[in-house]
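Asks: This is the structure I want to talk about, given as C-alpha cells.
Each reported figure results from applying straightforward, stated rules to the coordinates on display, with no laboratory input. As the structure is a computational prediction, the values presented were derived from the model and not from experiment. Neighbour counts run over all protein chains shown; Cβ positions are idealised from the backbone, glycine included.
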Amino acid sequence: MSLIKLIPSTVAILAASTVIASARDQLQIAGSSTVLPYATIVAEAFGENTDFNTPVVEGGGSGAGRKKLCEGVGEATIDIANSSSRIKQSDIDLCNTNGVTEIMEVRFGYDGIVFASDINGADFALTPKDVWGALAAEVVKDGAAVANTAKTWADVNASLPAQAIMAFVPGTKHGTREVFDEKVLTEGCKEAGAYDIFVAASTGADDDAKKKEAGAKCMALRTDGASIDIDGDYTETLSRIDANKMAVGVFGLSFYENNTDKLKVATINGIVPTVETISAGDYPVSRPLFFYVKKAHIGVIPGLKEYVEFFLSDDMAGEGGALADYGLVPDPELAATREAVAAETPMGALE
Amino acid sequence: MTRVSLFAQDARTKSRNAAEKRFRAYGLSAIVVALLALVWLLVSIFGNGLPAFRQTFISFPVTLDAAVLDKAGNRNVAEMAKTTTIGYAKLLATSLEAELAAKGIDLGEVKSKDLTKMISEESPATLRNRVLADPSLIGQTVQVSVLASGRIDGYYKGRVSMESAAKDKNTSPEQLALADQMQSAGVLSMQLNPGFLTMPDASDKRPEAAGLGVAIIGSLYMMVVVLVLALPIGVAASVYLEEFAPKNKFTDLIEVNIANLAAVPSIVYGILGLAIFINFAGLPQSAPIVGGLVLTLMTLPRIIIPTRAALKAVPPSIRDAALGVGASRLQTVTHHVLPLAMPGILTGTIIGLAQALGETAPLLLIGMVAFVRDFPGAPPEGLFDPAAALPVQIYNWTQRGDPGFVERASGAIIVLLVFLIAMNAIAIYFRRKFERRW
C-alpha cells in the first residue's frame with residue numbers, strides 16, 4: 001500500500017531538511033519598505049554581474065527587519081536589515097542577548113519626503129508652520145491653545161489656495177511618519193511659537209515632563225477627518241489622491257519621481273524637492289537611509305561583503321548611479337563608508 | 001350572500017399572489033446584483049490585465065564588438081565577465097542608433113543617451129548572458145529582439161500619453177514620437193510576451209521585464225508538498241475515524257476539533273508555521289517547503305471533512321456484503337469502500353488544493369513576500385530554495401511604485417484565476433465521471 005510508504009518517506013524528507021538547509025548560498029535581506037526598491041535594484045544588478053546568486057529581499061518595515069537581524073547568528077537568520085531610521089538601543093540590546101555582537105552600519109544615501117497633490121490641482125507653497133497649522137489638533141490663538149477649526153488652507157495662510165484641508169499622512173508604523181513628526185510638525189510647532197505656550201500650559205511635574213507633554217501636543221494630529229493616516233504604502237496614498245483630487249499626500253521622493261505625470265509637488269519654504277536641493281541641504285525634510293550587516297556572516301554566506309561593496313559602488317549608490325536615477329539622494333560621505341566596509345569596522349555605541 | 005366567481009380573485013388570493021411576485025422579484029434582483037458585481041470584477045481585471053500578455057519589442061542587429069566585450073582578446077569567459085551590463089547597454093544603444101541611421105530615421109531631439117532609456121534595462125543582462133554562454137558570438141552581428149522600456153510600452157497600451165510624457169522625467173514626447181517612427185519602420189512592434197509566464201520578478205526600474213516564472217514554480221512546489229502530505233494523512237485520518245475508531249467521547253472531541261480547525265483563519269496557520277517550522281525546526285525562510293507545510297496544516301481539515309462525507313455515502317450494504325463473504329475489515333476498506341469513495345475524495349482534495357493555491361495570508365509571515373529572481377532548483381533540494389508564490393506575487397506587485405506594475409498585478413490575477421478554474425473544472429469532471437448513485 002503506497003499510503004503506508006508515503007508517510008515515512010515524507011518524514012524522511014523533513015529529517016533531511018535540516019541537512020540541506022545548512023547550505024544557504026544566497027543572501028537574505030529584510031526590512032524597510034522605503035529601502036526595498038533600492039535593495040531590489042542592487043540585488044538584481046548584483047545577480048546579473050557577479051557569479052553570486054541574486055539576494056532575496058523582503059519588505060516588512062524597518063523595525064521588523066532589525067528585529068529579525070537580531071534573532072541570532074546562523075544560516076537560518078537574515079544577513080542584512082534595511083532600515084529607514086537609525087538602529088535603536090533596544091535593538092542593539094536584543095542583538096547582544098542573542099549573540100549578534102558585531103553589526104556594521106552602512107548609510108548609503110538620503111531620502112526626501114515630499115508633499116504632493118493631484119497634477120491638475122492648485123499649486124501649494126507650504127512651510128512647516130502651515131502644515132502644522134492645518135493639521136495639528138490644537139493650535140494657538142491669541143496666546144492660548146485652542147482646538148483647530150481651520151476649514152481651508154487659506155484659513156491657515158491667506159496665500160494658500162482656498163481649498164478644504166485634507167491630507168494623507170503615513171501611519172505611525174512607517175519610518176516616514178517619524179521624519180514627518182520631527183521635521184515638519186515639531187519644526188512648524190516651534191516656528192508658530194506654540195511649543196513654548198504648550199510648555200507653559202503644561203501641568204507636568206518638572207521641566208522634562210512639561211517638554212515631553214508639549215512635544216507630544218505638537219505632534220498630535222486633528223481627528224476630525226482633515227488628516228488621514230495611511231497605513232498602506234505610497235500606492236494607496238496615490239489612489240486616495242486620485243479619488244479626492246483636493247487632497248494633499250505625503251510621499252517619498254523616489255515614488256514622486258516615478259509618478260511625476262500624476263502628482264504635483266509642493267515646495268517647502270520655497271524649495272522644490274529634487275535630488276540636488278536635498279543633497280545640498282536646502283530642502284528641509286529628508287532622512288538618511290541605512291542597512292545593517294551582520295558581521296559574523298561575512299565569509300560564511302557567500303557574497304555578503306561583495307554585495308555591500310557593490311551597493312556602495314559608483315554605478316549604484318554613487319552620484320549618477322542607478323539608485324540616484326531612481327530617486328536616491330547620494331551620500332556625500334560615501335567614500336568614508338566604503339573604507340569602513342573594506343575594513344569591516346563594526347558600529348560603535350549610539351551617542 | 002354575495003355570489004363570488006371562481007374566476008375573480010378575492011382580496012386574500014390577490015395579496016398572496018402579489019407576495020409571491022415580490023419574492024420572485026427580490027430573488028431575481030439579488031442574482032442580477034451578484035452577476036453585475038462579477039461582471040464588473042472580471043471586466044476590470046481583464047481590462048487591466050490583458051495588456052500584460054503583450055509587450056513592445058525593438059528588433060535590430062547588434063554588432064558584438066570584440067574591442068568592447070573582450071578587451072584581452074582571448075575569449076576567456078572569466079575575463080569577459082568584467083564587462084558589466086552597463087557596457088552592454090551602451091553597445092545596444094550604439095547598435096540601435098546605427099540601425100535607425102540606416103533606416104533613415106532622424107533622432108531629432110532625442111540624444112543617443114536617451115536611446116538607452118528606451119530599451120529595457122533587462123536587455124543588456126540577457127545579451128550578456130547570451131555572449132558569456134557562447135563566446136564565439138563575439139565579432140559577429142546578431143539580430144536581437146529586446147524589450148522596450150516600460151514608458152514606451154505604456155504609450156502603446158494607452159497608459160502614457162504625449163501630455164503625461166511631457167511631465168514625466170523617465171520619458172519625453174520626443175522619445176514617443178521617435179518610437180512611432182520606429183514602429184512605422186518595422187523596428188518596433190507589439191508582440192505576444194511569453195516572458196510574462198517564464199521570466200522572474202524584476203525591480204522597480206524594469207516593470208516591463210517582470211514575470212511570473214519563479215512564482216509559478218514556487219506555487220507548483222507548494223502544491224506538490226501539500227498533495228504528498230495532506231492527501232495520505234487526510235485519507236488515513238478519515239478512514240480511521242469513519243471505519244475503525246470506536247464511537248466515544250474522545251473521538252467526538254476529535255471530530256468537533258476538525259470541524260473547528262477548518263474554520264480557523266488562515267493567518268493563524270502562518271503564525272504557527274513561523275514558530276514551528278522556521279524558529280524551532282530551523283527550516284529556511286521563503287522556501288516552498290515551509291509554505292507547503294503551512295498550507296498542508298491549513299488544508300488537512302478541508303480534505304478530511306469531504307473525505308469522511310464520501311466514505312459515509314458508501315452504503316453499509318457494500319461493507320456488509322464484503323464482510324459477509326469473509327473479507328477482513330482492512331480488505332473491506334481498501335478493496336471496496338475506498339475505491340467507491342475515491343471520486344468524492346479526489347474532488348475534496350482538488351478543491352482543498354485550489355483553496356491553498358489562492359491563499360496569501362499565511363505566506364506573508366514565512367517570508368514568501370520576497371523579491372526572488374533565481375529559479376529554485378529541481379526537487380527535492382529545490383524545495384528548500386527561496387521562491388515566490390502566485391498570490392503573494394500579486395500582493396507584491398500592487399505595492400510597487402512604477403505604474404507599469406498595475407497591469408502586471410492584474411495579469412497575474414488572470415493567471416491565478418485560470419489555474420483555479422482549471423482545478424475546479426477537473427474536480428467537476430471527476431465528480432461527473434465517477435459519480436455513483438445507489
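Asks: Could you give the length gained on full extension between B:R436 and B:A72, defined as 0.36 nm per residue of separation minus the Cα-Cα distance, in nm?
Replies: Gain on extension, B:R436 to B:A72, equals 123.6 nm.
Asks: Something else about it: Write down the Å³ per residue value for the convex hull defined by the alpha carbon atoms of the protein assembly as shown.
Replies: With only Cα atoms used, the protein assembly as shown gives 296 Å³ per residue.
Asks: Right, another one. Picking from B:V369, B:V39, A:A150, whose Cα lies most toward the positive end of the charge dipole for the protein assembly as shown (charges on Cβ: Lys, Arg +1; Asp, Glu -1)?
Replies: Checked the options; the winner is B:V39.
Asks: Could you give the nm distance between label points at B:A281 and B:D114, where each point is 7 Å from its Cα heading toward the beta carbon?
Replies: Distance between label points: 5.7 nm.
Asks: While we're looking at this one, here's another question. When the Kirkwood hydrodynamic radius is evaluated over all pairs of different C-alpha atoms of segment B:1-82, what value in angstrom, to one decimal, is obtained?
Replies: For segment B:1-82, the Kirkwood estimate is 21.2 Å.
Asks: Something else now. Using the eigenvalues of the Cα gyration tensor, what equivalent ellipsoid semi-axes result for chain A when each is taken as the square root of five times the eigenvalue, whole Å, largest first?
Replies: 42, 23, 22
Asks: Toward the positive end of the charge dipole of segment B:289-438, about the Cα centre and with charges on Cβ (Lys, Arg +1; Asp, Glu -1), which of B:L420, B:L330, B:P403 goes farthest?
Replies: The residue sitting farthest along the positive end of the dipole is B:L330.
Asks: Hey, another quick one. Roughly how big is segment B:152-298's charge dipole about its Cα centre, with Cβ charges of +1 (Lys, Arg) and -1 (Asp, Glu), in debye to the nearest 20?
Replies: Dipole of segment B:152-298, to the nearest 20 debye: 180 debye.
Asks: Dipole magnitude of chain A about its Cα centre, charges +1 at Lys/Arg Cβ and -1 at Asp/Glu Cβ only, in debye to the nearest 20?
Replies: 1000 debye
Asks: Here's another thing I want to ask about it. Please compute the Kirkwood hydrodynamic radius over segment A:122-244, one decimal place, Å, based on all pairs of different Cα atoms.
Replies: So the Kirkwood estimate lands at 15.0 Å.
Asks: Where in segment B:213-321 are there trypsin sites (Lys or Arg not before Pro) that are in a DSSP coil and have at most 10 other Cβ atoms within 10 angstrom of their Cβ?
Replies: Answer in residue order: B:K247.
Asks: If you don't mind, there's one more thing I want to ask. Bin by bin, in steps of 5 Å, what percent of the Cα pairs in segment B:284-352 do you find, going until the bin that has the longest distance?
Replies: It works out to 4, 16, 20, 16, 13, 11, 8, 6, 4, 2, 1, in whole percents.
Asks: Of all the Cα-Cα pairs you can form in segment B:52-193, what percent are over 19 Å apart?
Replies: The calculated P(r) of segment B:52-193 puts 51 percent of pairs beyond 19 Å.
Asks: With runs of 4+ DSSP H residues as the only contributors, calculate the mean residue ellipticity of the protein assembly as shown at 222 nm using -39,500 (n - 2.57) per run, divided by the residue total and rounded to the nearest 500.
Replies: Rounded to the nearest 500, it is -15500 deg cm²/dmol.
Asks: Another one. Can you put B:F384, B:F405 in order of Cβ neighbours within 10 angstrom, beginning with the fewest?
Replies: The most exposed by this proxy come first: B:F405, B:F384.
Asks: Also, I was wondering about something else. Where is the GNM fluctuation largest for chain B (alpha-carbon springs, 10 angstrom cutoff): B:P124, B:P246, B:P306?
Replies: Maximum among the listed residues: B:P246.
Asks: Would you compute the Debye intensity of segment B:172-244 from its alpha-carbon atoms alone, equal scatterers and no solvent, and pass along log10 I(q)/I(0) at q = 0.12, 0.28 Å⁻¹ to two decimals?
Replies: Log10 I(q)/I(0), no solvent term: -0.61, -1.10.
Asks: Moving to a separate point now. Scanning chain B for helices, which whole DSSP H stretches are 15 Å or more long along the axis (Cα) and average -0.5 or more by Kyte-Doolittle?
Replies: B:11-49, B:85-102, B:122-133, B:213-239, B:249-262, B:288-313, B:338-357, B:404-434
Asks: Continuing with this model, one more query. So between B:D134 and B:A263, what do we pick up on full extension, going 0.36 nm a residue minus the alpha carbon distance?
Replies: Length gained, B:D134 through B:A263: 40.9 nm.
Asks: Now for a separate question. Which part of segment A:243-259 falls in the paramagnetic zone of A:N157, meaning amide N under 18 Å from the point 7 Å along Cα-to-beta-carbon?
Replies: Once the point is set 7 Å along Cα→Cβ of A:N157, A:247-251 turn out to lie under 18 Å by backbone N, inside segment A:243-259.
Asks: For segment B:378-438, what is the convex hull (Cα atoms) projected area averaged across all directions, in square nanometres?
Replies: 7.0 nm²
Asks: Taking a cut-off of 20 Å between Cα atoms, list the lysines near B:K433, but don't count ones fewer than 8 places away on the same chain.
Replies: B:K312
Asks: Please report, ordered by residue number, every helix of chain A (full DSSP H runs) that is 15 Å or longer along its axis going by C-alpha atoms and whose mean Kyte-Doolittle hydropathy reaches -1.0.
Replies: Length and hydropathy pass: A:2-21, A:36-49.
Asks: Which of B:Q285, B:Q143, B:Q355 ends up with the largest GNM mean-square fluctuation for chain B, with Cα atoms connected below 10 Å?
Replies: Per the Cα network of chain B with a 10 Å cutoff, B:Q143 tops the list.
Asks: Could I ask something else about it? From Cα pairs below 8 angstrom and at least 6 apart in sequence, can you work out the relative contact order of chain A, rounded to a whole percent?
Replies: 26 percent
Asks: Here's another thing I want to ask about it. For segment A:200-302, divide the Cα radius of gyration by the Kirkwood radius and give the resulting Rg/Rh value with two decimals.
Replies: Ratio value, two decimals: 1.11.
Asks: A follow-up question, please. Taking +1 at the Cβ of each Lys and Arg and -1 at the Cβ of each Asp and Glu, which of A:L185, B:Q393, B:I258 sits farthest along the dipole of the protein assembly as shown towards its positive end, judged by Cα position relative to the Cα centre?
Replies: Result: B:I258.
Asks: So for chain B, averaging the separation of alpha carbon pairs under 8 Å that are six or more residues apart and normalising by length, what relative contact order in percent results?
Replies: 18 percent
Asks: Suppose R0 equals 51 Å; then what is the FRET efficiency for A:A342 and A:E236 from their Cβ-Cβ distance, rounded to the nearest 0.05?
Replies: The pair A:A342/A:E236 has a calculated efficiency of 0.80.
Asks: Another one. Using Cα pairs closer than 8 Å and at least 6 residues apart in sequence, work out the relative contact order for segment B:52-193, in percent.
Replies: Computed value for segment B:52-193: 40 percent relative contact order.
Asks: Of the DSSP beta bridges with both residues in the protein assembly as shown, give the percent that are antiparallel, rounding to the nearest 5.
Replies: In the protein assembly as shown, approximately 75 percent of DSSP beta bridges are antiparallel ones.
Asks: Then there is this: Test of understanding: in a Gaussian network model of chain B with alpha carbons linked when under 10 Å, which of B:L330, B:L261, B:L357 would top the mean-square fluctuation ranking?
Replies: Ranking B:L330, B:L261, B:L357 by mean-square fluctuation puts B:L330 first.
Asks: Which value, in debye to the nearest 20, describes the size of the charge dipole of the protein assembly as shown about its Cα centre when Lys and Arg Cβ atoms bear +1, Asp and Glu Cβ atoms bear -1, and nothing else is charged?
Replies: It works out to roughly 4340 debye.
Asks: Separate question: At 4 °C and 1.567 mPa s, grab the translational diffusion coefficient of chain B from Stokes-Einstein with a Kirkwood Rh over Cα pairs, rounded to a whole number in µm² per second.
Replies: Diffusion coefficient, whole number: 49 µm²/s.
Asks: Please give the Cα centre distance for segment B:132-204 versus segment B:252-289, rounded to the nearest Å.
Replies: 45 Å
Asks: For segment B:213-434, treating each Cα as an identical point scatterer without solvent, what Debye log10 I(q)/I(0) comes out at q = 0.09, 0.15 1/Å?
Replies: With one equal scatterer per Cα and no solvent, log10 I(q)/I(0) is -0.43, -0.99.
Asks: For the pair B:A81/B:K103, report the inter-label distance in nm, with labels modelled 7 Å from Cα in the Cβ direction.
Replies: 3.6 nm
Asks: Given the Cα-Cα distance of B:Q9 and B:K169 and 0.36 nm per residue of separation, how much length would full extension add, in nm?
Replies: 50.0 nm
Asks: Moving on to the next point. Take the alpha carbon atoms of segment A:50-177, find their radius of gyration, then divide it by 2.2 N^0.38 Å using N residues; give the quotient.
Replies: 1.56
Asks: Structure shown: which of B:K167/B:K205; A:K245/B:K169; A:K129/A:K262; A:K295/B:K117; A:K190/A:K262; A:K68/A:K245 lie over 28 Å apart, alpha-carbon to alpha-carbon?
Replies: A:K295/B:K117; A:K190/A:K262; A:K68/A:K245
Asks: On to the next question. List the chymotrypsin sites (Phe, Trp or Tyr not before Pro) within segment A:221-277 that fall in a DSSP loop (any state other than H, G, I, E or B) and whose Cβ has at most 16 other Cβ atoms within 10 Å.
Replies: For chymotrypsin sites (Phe, Trp or Tyr not before Pro) across segment A:221-277 that sit outside H, G, I, E and B with at most 16 neighbouring Cβ atoms in 10 Å, the list is empty.
Asks: State which stretch of chain B is the longest one without any exposed GluC sites (Glu not before Pro), exposure meaning a DSSP loop state and at most 16 other Cβ atoms within 10 Å.
Replies: B:110-434
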